[in-house]
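Worksheet: the structure to be examined is printed underneath.
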Amino acid sequence: DTAVSQTPKYLVTQMGNDKSIKCEQNLGHDTMYWYKQDSKKFLKIMFSYNNKELIINETVPNRFSPKSPDKAHLNLHINSLELGDSAVYFCASSQNFEAFFGQGTRLTVV
Amino acid sequence: GQQVMQIPQYQHVQEGEDFTTYCNSSTTLSNIQWYKQRPGGHPVFLIQLVKSGEVKKQKRLTFQFGEAKKNSSLHITATQTTDVGTYFCTRNNAGNMLTFGGGTRLMVKP
């Protein structure tokens, strides 16, 4: 059983499109995250979310929005995709301090 | 959030040589965590250090937390090709958001 799963694994799309990446965790964790990893491997926190609070990294454009239908899911919606959005996006969850990451979604905007 | 700086960015070693990566913060850390990301993979939790001067070992890996809790190191003894990957230190910011250092990419020549 995969603890944190995200789909799709690969996503190729044109500039200007709107897309979503889904994430589900079966660990019963309270907190979920989205990270963006660029080509230089730098991991940047985008959002932290639990059932009480959404914390947004202020540098994230408002074209990005997390949506959580329930505690086990945190989806990432991206509007009006730009070339610079190409990266690997990781979903993660944690209960205390250890974060469990999904396999990543490689987004390519052409 | 507050940043953590890692050096070096890259390290090439011959198999069997030792390797060390360093993590530095300008502010005191409540704890520090280390993650490893294999090429093409996702970050995987290695360890958390909490106490000043703490030293923890995992087989050939030795983790150290500085006395002032502003720096940490990861040392690998007698590297193997399975050690290849990027090693990240992270700190917790508000809202339990993990902020990752830039990572040290380790390459091991067989």
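Read-outs: derived from the displayed coordinates by stated rules, not from any lab. These numbers were taken from a predicted model, which means no experiment stands behind them. Note that each Cβ is placed from the backbone with ideal geometry, even for glycine, and that neighbours are counted across all protein chains shown.
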Taking every Cα atom in chain B, find the radius of gyration and the maximum pairwise distance Dmax, and write them in Å.
-> 13.3, 43
Tell me, how many Å apart are the Cα centres for the range B:68-110 and for the range A:1-79?
-> 23 Å
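Tell me which trypsin sites (Lys or Arg not before Pro) from the range B:4-63 have a DSSP coil assignment and no more than 15 other beta carbons within 10 Å of their own. Don't jump to the answer; show the numbers that get you there.
Working: sites: B:LYS36, B:LYS51, B:LYS56, B:LYS57, B:LYS59, B:ARG60; in loops: B:LYS51, B:LYS59, B:ARG60.
Counting only loop positions with at most 15 other Cβ atoms within 10 Å, the trypsin sites (Lys or Arg not before Pro) in the range B:4-63 are B:LYS51, B:LYS59, B:ARG60.
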Using the alpha carbon gyration tensor of the protein assembly as shown, what are the three equivalent-ellipsoid semi-axes (square root of 5 times each eigenvalue), largest first, in whole Å?
-> 30, 20, 16
Using θ = phi - 60° and the Karplus curve 6.51 cos²θ - 1.76 cosθ + 1.60, what whole-Hz ³J(HN,Hα) does each residue of the range A:85-102 get, with Gly and Pro shown as x?
-> 7, 4, 4, 9, 10, 10, 9, 8, 9, 8, 10, 10, 10, 7, 9, 10, 9, x
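About the Cα centre of the protein assembly as shown, what is the dipole size in debye to 20, counting +1 per Lys and Arg Cβ and -1 per Asp and Glu Cβ, all else neutral? Please report the intermediate quantities before stating the final value.
Numbers: 24 positive and 17 negative charges, 42 e Å.
Here the protein assembly as shown has a charge dipole of around 200 debye.
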Neighbour-count order for A:THR108, A:THR59, fewest beta carbons within 10 angstrom listed first = A:THR59, A:THR108
Can you pull the one-decimal nm distance between simple spin-label points at A:LEU27 and B:HIS75, each 7 Å off the Cα toward Cβ?
-> 3.0 nm
In bins 5 Å wide, starting from 0, what share of all Cα pairs of the range A:4-96 does each bin hold, as a percent?
-> 3, 14, 26, 27, 19, 9, 3, 0
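What full-extension length gain, to one decimal in nm, is calculated for B:THR20 and B:SER52 as 0.36 nm per residue of separation minus the Cα-Cα distance? Working shown, then result.
Values: separation 32, 0.36 × 32 = 11.52 nm, distance 1.94 nm.
Here the segment from B:THR20 to B:SER52 would lengthen by 9.6 nm.
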What spacing in nm lies between the two simple spin-label points modelled at A:ASN51 and A:SER39, each 7 Å away from Cα in the Cβ direction?
-> 4.3 nm
